[in-house]
1. What do you reckon, is A:Ser192 away from chain D (no Cβ under 14 Å), out of contact with any strand residue (DSSP E or B) (no Cβ under 6 Å at 6 or more places or on another chain) and under 30 Å from D:Arg54 (Cβ atoms)?
2. Checking D:Gln137 against (1) modelled with pLDDT of 95 or more; (2) touching a helix residue (DSSP H, G or I) at 6+ places or on another chain (Cβ under 9 Å); (3) assigned to a helix (DSSP H, G or I): exactly one of these is not met. Which one?
3. What number of residues within the stretch D:72-114 are in a strand (DSSP E or B), among the small types (Gly, Ala, Ser) and closer than 21 Å to A:Ser114 by Cβ?
4. Among the residues of the stretch C:159-195 satisfying the criterion of being within 24 Å of C:Asp56 (Cβ to Cβ) and charged (D, E, K, R), which is surrounded by the fewest Cβ atoms within 10 Å (Cβ to Cβ)?
5. In this structure, does B:Glu122 turn out to be out of contact with any strand residue (DSSP E or B) (no Cβ under 7 Å at 6 or more places or on another chain), modelled with pLDDT of 95 or more and under 21 Å from A:Val140 (Cβ atoms)?
6. Keeping to the stretch B:165-178, report how many residues are touching a residue at least 40 places away in the same chain (Cβ under 8 Å) and either within 11 Å of chain D (Cβ to nearest Cβ) or in contact with a strand residue (DSSP E or B) (Cβ under 6 Å, 6 or more places away or on another chain) (or both).
7. In contact with a Phe, Trp or Tyr (Cβ under 7 Å, 6 or more places away or on another chain) and among the small types (Gly, Ala, Ser) - does that describe any residue in the stretch C:104-116?
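The values are calculated or read from the model by the stated rules, or taken from the named source; none is laboratory data. Just so it is clear, the structure is predicted and the values come from calculations on it, not from any experiment. All Cβ positions, glycine included, derive from the backbone under ideal geometry; neighbour counts span all protein chains shown.
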There are 4 protein chains.
Amino acid sequence: MTVETADLPDPEDLPADPEDLPPADSNPGWLSADELDFVRGRLPIVYVEAVPVRVDGHGRVTEVGLLLRSTPEGVMTRALVAGRVRYGESLRDALFRHLENDLGPMAFPLIPASPVPAQVAEYFPMPGLSPYIDERQHAVSLVYVVPVTGSCNPRQDALEVSWMAPEAALAPDVLAELGGGRGRLLRQALSSVGC
Amino acid sequence: MTVETADLPDPEDLPADPEDLPPADSNPGWLSADELDFVRGRLPIVYVEAVPVRVDGHGRVTEVGLLLRSTPEGVMTRALVAGRVRYGESLRDALFRHLENDLGPMAFPLIPASPVPAQVAEYFPMPGLSPYIDERQHAVSLVYVVPVTGSCNPRQDALEVSWMAPEAALAPDVLAELGGGRGRLLRQALSSVGC
Amino acid sequence: MTVETADLPDPEDLPADPEDLPPADSNPGWLSADELDFVRGRLPIVYVEAVPVRVDGHGRVTEVGLLLRSTPEGVMTRALVAGRVRYGESLRDALFRHLENDLGPMAFPLIPASPVPAQVAEYFPMPGLSPYIDERQHAVSLVYVVPVTGSCNPRQDALEVSWMAPEAALAPDVLAELGGGRGRLLRQALSSVGC
Amino acid sequence: MTVETADLPDPEDLPADPEDLPPADSNPGWLSADELDFVRGRLPIVYVEAVPVRVDGHGRVTEVGLLLRSTPEGVMTRALVAGRVRYGESLRDALFRHLENDLGPMAFPLIPASPVPAQVAEYFPMPGLSPYIDERQHAVSLVYVVPVTGSCNPRQDALEVSWMAPEAALAPDVLAELGGGRGRLLRQALSSVGC
């Protein structure tokens with residue numbers, strides 16, 4: 001199913017690697033697969049999403065980074081940096097954690113000083129309520145444009161980051177490669193920074 | 001406890017009036033008290049908050065509406081319009097529902113065209129993580145400034161809406177009457193509209 | 001010249017109708033044609049622009065209004081509401097004046113409470129400095145999305161307002177009908193309201 | 001006069017240092033004193049203002065930088081980074097030029113990716129039109145919060161930059177030390193970044 005494959009796996013859904021295992025003192029924000037299923041059917045889940053960009057010395061956006069991966073069927077899809085906010089975790093910390101998870105520890109993101117997002121996206125599992133679809137859940141996602149200053153080396157080996165000019169990222173065929181309606185969201189996020 | 005009393009009761013916490021009862025076909029977004037307790041300890045809850053304002057014909061804010069009520073101990077406290085977003089409910093619909101709940105059906109709010117909030121507040125049950133405290137839960141709240149054009153008659157009889165000039169609402173003693181750090185939030189929301 | 005024709009005539013450039021004549025006590029903000037020429041070559045001019053929209057009861061944008069007119073060559077072009085801010089005039093008053101000028105006195109615009117624009121556009125007479133071109137001047141334009149609730153009857157008879165769904169307004173061929181780069185600006189303004 | 005003294009001298013008003021002299025090919029954006037007087041009485045002037053801040057690794061504002069100087073009468077006043085946008089100059093370039101002028105060449109400001117300002121301030125020479133007063137002119141000022149990462153050494157020797165926690169900068173006595181209503185503007189700008 002195209003939406004599901006275009007969506008990056010949440011660390012919670014993956015065979016856990018050591019860093020994602022619940023700590024010994026069992027943080028209550030870590031949810032078991034059953035618990036996650038339960039809450040996903042009962043209330044909206046808080047997400048953060050980020051559009052990584054390169055900027056010049058005066059803050060102009062020169063390049064946009066999109067995650068690229070191959071689905072099990074061999075189809076290349078694009079994605080934004082995205083993930084759930086955990087219990088007790090601030091939006092900034094969640095944003096930083098997911099940026100590091102998706103772009104590697106040397107990306108050096110500059111998280112904006114303002115907590116007000118560039119855009120808010122509402123994902124629903126049922127079509128027709130919003131332009132954004134997520135079959136797993138109702139998610140309210142705060143979307144930020146985040147300049148990165150270092151080098152990006154996605155930690156999960158199926159992923160790459162491809163950089164392109166803002167005009168290229170806004171091309172209809174590129175926007176169409178983002179699943180769940182996120183092409184529209186990328187267009188809105190880039191619009192917020194004047195692209 | 002000052003924070004708790006300053007916070008308006010969530011419809012979920014009250015003896016349900018008929019409008020708040022789950023419908024016969026049991027919307028999965030309605031949570032029992034036990035379920036609400038469980039999720040509140042496991043993941044951030046999505047909230048919307050609104051600062052009702054009166055504007056003149058050119059959009060300038062002329063008055064700010066603050067909810068006023070008496071705590072069980074007889075202390076007057078002030079509050080913003082606020083409430084949880086339910087599963088399957090859009091932010092706009094939740095905002096409208098809580099405005100109607102707190103200001104009555106004749107308030108005629110003009111919900112902003114942009115879904116991007118004036119400010120985002122993160123409430124934690126544990127102090128020190130953020131200026132905003134909610135002892136019941138970790139909540140991520142999207143805060144909007146909403147012009148209202150009709151007459152306000154709070155439905156819950158303990159409540160009143162008091163209107164005052166923006167300068168009066170920004171006075172330190174008024175801001176201090178909002179619990180959980182919301183005085184700061186009111187100041188931020190009014191700043192966003194040039195007050 | 002396409003850019004010039006797509007741009008609505010500034011009241012200052014037209015054979016003055018009585019309402020646009022300088023008042024008897026000669027407001028210093030009214031500039032003669034020579035003075036306007038002088039300042040346009042010497043410093044950036046402050047503009048406001050507005051994208052008129054229709055919203056539903058919960059603030060969702062349902063329609064976008066674009067000004068339509070025929071050039072002297074008979075080509076139909078589209079335009080935003082736009083105009084100069086005069087000396088001593090507030091941004092809100094300028095916005096209201098130009099909305100009334102372009103949409104008529106019964107449009108009843110709801111000017112946003114926040115003075116922060118949805119987008120800022122920088123127009124230069126020389127190409128390459130920005131995506132926005134205005135051959136007459138360097139202009140810094142604050143762009144707002146403005147819901148209108150009444151009926152629109154453009155005062156200048158060459159003009160009409162055509163209403164269309166946001167998706168239609170965002171179609172590449174419609175965006176291309178706005179001159180001076182304003183198609184991009186319309187896309188950015190609509191992005192800010194979630195379209 | 002308190003307002004005038006609190007306001008940093010515009011390079012145009014000062015005995016020109018070599019960098020501020022018009023280039024040999026006489027940029028039309030450079031105005032003689034007489035021309036500046038003329039335009040200041042005829043149309044609004046475009047300004048940019050910046051609140052310099054220090055941020056931590058997750059973007060939280062930890063310190064606010066205020067310019068400090070002694071008036072001819074020996075009164076210490078505070079100011080924001082501010083200055084005029086020249087003909088043909090982009091907002092970003094003007095912001096960078098004035099940051100460098102006021103904070104020195106080693107401040108390394110991170111100009112935000114979005115051209116939309118944190119706030120817009122309208123200064124009028126006549127009182128009562130707005131909370132912001134500038135006796136010299138009607139100015140429309142786009143105000144940005146700008147993280148700086150280097151060391152600040154104001155180039156003009158009467159100036160210093162004093163850094164303080166956001167809470168200290170928001171103290172009423174500090175806000176009152178900014179002239180022309182800019183205390184309110186500083187409060188609004190800091191509100192936009194969650195302070």
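1. When the stated conditions are applied, A:Ser192 does not pass them.
2. Of (1) modelled with pLDDT of 95 or more; (2) touching a helix residue (DSSP H, G or I) at 6+ places or on another chain (Cβ under 9 Å); (3) assigned to a helix (DSSP H, G or I), only one is false for D:Gln137: (3).
3. 1
4. Here the answer is C:Glu167.
5. It is false that B:Glu122 is out of contact with any strand residue (DSSP E or B) (no Cβ under 7 Å at 6 or more places or on another chain), modelled with pLDDT of 95 or more and under 21 Å from A:Val140 (Cβ atoms).
6. Final tally of qualifying residues: 4.
7. no
Results for (1) over 28 Å from D:Gly41 (Cβ atoms); (2) out of contact with any Lys or Arg (no Cβ under 9 Å at 6 or more places or on another chain); (3) at pLDDT below 85, shown as yes or no for each residue.
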{"residue": "C:Phe38", "(1), (2), (3)": "no, yes, no"}
{"residue": "C:Gly74", "(1), (2), (3)": "yes, yes, yes"}
{"residue": "C:Val81", "(1), (2), (3)": "no, yes, no"}
{"residue": "C:Arg97", "(1), (2), (3)": "no, no, no"}
